[in-house]
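The values are calculated or read from the model by the stated rules, or taken from the named source; none is laboratory data. This structure is a prediction, so every number in the text was calculated from the model and none was measured. When we count neighbours, we look across all protein chains shown, and the Cβ atoms used for this are built from the backbone with ideal geometry, even at glycine. Please note that ligands, DNA and RNA were not included when accessible areas were found on the heavy atoms of the full protein model with its side chains. Shrake-Rupley method; radii C 1.70, N 1.55, O 1.52, S 1.80 Å.
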Amino acid sequence: MKKLLFSTFIAASIFACKSETKAPFDLANAKKEIEAANHEVSEFMAKGDSAGLASCYGTEGVLMLNNMPAVKGKENLTKVWGGFINAGIGAIELNTTEVWGDENFITEEGTFVLKAKDSTQLDKGKYLVLWKKENGKWRFHRDISNSDLPAVTK
């Protein structure tokens, strides 16, 4: 009886250990999820949806652009994106060039093109986004970019 109990205990322990093993992190799949999220960003911009754009940021998400202070909080993010939309930005194209990270945070490097509502190119440049997994979805944690165009001088 002791031998049967011991064997049952060992088998249960092995099964419990195996069932707790999680699959290794799949960076290639995470890149696809991030590219899909970037597609959402482009769709929100095309629709002129500043609240949708703000929803792409996590609870502690921050937008950091040239010549302005960092923007934090959904209300402020909505206002800033709304200002860009009202200024005539009608499209954003995002191209992921590289990602690295783990199941909690991923850094994305990429390029962007901003266009007016009439498809005229307004800006182009590069960006880094630190993505954070929140409630099963990748969200912007830190979003920083800068232009490739020469600075305007007076």
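Points worth noting:
- Remark: pairs (first residue in segment 114-143, over 14 Å from Gly61 (Cα atoms); second residue in a loop (DSSP other than H, G, I, E, B) and open to solvent by 70 Å² or more (accessible area, probe 1.4 Å); Cβ separation under 8 Å; 6+ apart in sequence or on different chains) = Asp123/Leu149; Lys124/Asp148; Lys124/Leu149; Gly125/Asp148; Gly125/Leu149; Lys126/Asp148.
- Boolean, Val41 is open to solvent by less than 80 Å² (accessible area, probe 1.4 Å), β-branched (Val, Ile, Thr) and in contact with a Lys or Arg (Cβ under 6 Å, 6 or more places away or on another chain): no
- Single residue of segment 6-49 satisfying the filter (among the polar types (S, T, N, Q) and either assigned to a helix (DSSP H, G or I) or at pLDDT below 55 (or both)) that is nearest to Ser119 (Cα to Cα): Ser42
- From the options Lys133, Lys47, Lys154, Lys117, residue that is within 17 Å of Ala30 (Cα to Cα) and not aromatic (Phe, Trp, Tyr): Lys133
- Residues being of a type in the set (A, V, I, L, M) and more than 21 Å from Thr111 (Cβ to Cβ) - total across segment 38-61: 2
- Residue match in segment 66-81 (condition: more than 26 Å from Ala151 (Cα to Cα), of a type in the set (Gly, Ala, Ser) and out of contact with any Lys or Arg (no Cβ under 6 Å at 6 or more places or on another chain)): yes
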